[in-house]
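Down below is the structure, laid out as C-alpha cells.
The values are calculated or read from the model by the stated rules, or taken from the named source; none is laboratory data. Keep in mind that what you see is a predicted model, and the values were worked out from it rather than measured. All accessible areas refer to the heavy atoms of the entire protein, side chains included, with ligands and DNA or RNA removed. Shrake-Rupley method; radii C 1.70, N 1.55, O 1.52, S 1.80 Å.
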Amino acid sequence: MIVALTRDVSPRIAECELTFLERQPIDYARAAAQHAAYERCLAAHGCRVVHIEPAPELPDGVFVEDAAVVLDEVAIITRPGAESRRAETASVARALERYRPLRRIAAPATIDGGDVLRAGRTLYTGRSARTNDDGIEQLRALIAPDGYEVIAVDFRGCLHLKSAVTQIDVHTLLCNPKWIDPLPGFEMIAVDPAEPFAANALRLDDSIVLAAEHVRTRAILERRGYAIEPVATSELLKAEAGVTCCSLMVEVL
Ligand code: GLY
C-alpha cells in the first residue's frame, strides 16, 4: 500500500518562493480546492492520504516533496535551498518517522527533494539553485550503505530537476528537451513545446497524474497508450510547483 503524505495549502501561498516565474495573484480558495481534488485523485488510485500537520505560516509548506527523499529502507530529511523553506522539514520528519528511519542532510549542504529523480536504485540528482554539490555528496554518502547510487545531473531553465524530467514507466522519461539533455538508458518522450512545464508527472501504479492544463502533452501520452489522470493545478503552477511537489509517496508493506 502507498501512503501519500500531503499538507494543506497555506493561506499565505501567494508569498511563496519564485525563481524562474513572475509573481501572479494566486487564489487561495481555488488552490485549496485543487489540492483537495489532487488528494481525492490519489485516494481513488489506492493511496492512503495522510496529512502532515498544517503549517499555515509557511507559504511553500504544501510542497512536501522538497523536504524529504523517501526510499525503501530510509528517508532522508533534506535541507532546502531556500532559507524560507527550512522550517518545513521538522514536521515532515515527524510524519515520516512512523514509516522509515530518518537520516539528515546537514549544513552547508542544501538539497530539495524536487531535484531528486529516483529510478530503481539510482537517484538522478539535479544541481540547481536549490541543490548544491555538498548536498549531492551528502545524499550519496547517506544512501550508499543501502545500495543506492547518486548520479549528478545538470539542467537549465527551470527550478527543479523534476520540472524538467520525470519517470513515467520503468524505461521512459517525460521531459522538456530545452531544459535537460537525454539521460542514458531511457527513452525520452518530449512534452509539447507549447507546454514547457508539462514534464512534471506523477507516476501511480495504473496511471499518470498530469496537470489538466497540459492538454497537448496529455494527448501525446495517450497516443502512446498511457492512462492519464488530469488534475487542475492552475494555482499551484503559479507557485512554481507541479503534481509531484504536493506529496511524498511512502510504500508501506
Ligand atoms: N514555490 C516553490 C519553491 O520555490 O520552492
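Counting only residues 5 or more places away or on other chains, whose amide H sits under 5 Å from the amide H of Leu123 once H atoms are built in the peptide plane?
Glu149, Val150, Ile151
At a probe size of 1.4 Å, how large is the accessible area of Arg121, to the nearest 10 Å²?
Here the residue's solvent-accessible area equals roughly 90 Å².
Could you run the Karplus curve 6.51 cos²θ - 1.76 cosθ + 1.60 with θ = phi - 60° over segment 45-52 and give me ³J(HN,Hα) per residue in whole Hz, x for Gly and Pro?
Running phi through 6.51 cos²θ - 1.76 cosθ + 1.60 with θ = phi - 60° gives 9, x, 7, 9, 7, 10, 8, 6 Hz.
Can you tell me the length gained on complete extension of the stretch Ala144 to Asp205, counting 0.36 nm per residue apart and subtracting the Cα distance?
Numbers: separation 61, 0.36 × 61 = 21.96 nm, distance 2.68 nm.
Result: 19.3 nm gained on full extension.
At a 1.4 Å probe, what is the % contribution of carbon and sulfur to the accessible area of segment 7-86?
Summing carbon and sulfur atoms, their accessible area is 51 percent of the total for segment 7-86.
Given 10 Å bins starting at zero, what is the percent of C-alpha pairs of segment 138-253 in each, up to the one with the largest pair distance?
That works out to 13, 43, 33, 10, 0, in percent per bin.
Using θ = phi - 60° and the Karplus curve 6.51 cos²θ - 1.76 cosθ + 1.60, what whole-Hz ³J(HN,Hα) does each residue of segment 114-125 get, with Gly and Pro shown as x?
For segment 114-125, the Karplus curve yields x, 8, 10, 9, 8, 10, x, 9, 10, 10, 6, 10 Hz.
On the principal axes of its Cα set, how long, how wide and how thick is the chain? Give whole Å, largest value first.
Ordered largest first, the chain gives principal extents of 42, 42, 38 Å.
I want the antiparallel fraction of DSSP beta bridges within the chain, as a percent rounded to 5.
Once the DSSP bridges in the chain are tallied, antiparallel ones form about 45 percent.
Over the chain, what relative contact order in percent results from Cα pairs under 8 Å that are six or more residues apart?
RCO, the chain: 22 percent.
Could you work out the mean projected area of the convex hull around the alpha carbons of segment 74-114, in square nanometres to one decimal?
Averaged projected area of segment 74-114's Cα convex hull equals 2.8 nm².
Could you check how much of the accessible area of segment 88-157 is carbon and sulfur, as a whole percent, using a 1.4 Å probe?
Roughly 50 percent of what the probe reaches on segment 88-157 is carbon or sulfur.
May I ask you to compute the full-extension gain from Asp169 to Ala119, defined as 0.36 nm times their residue separation minus their alpha-carbon distance, rounded to one decimal in nm?
17.1 nm
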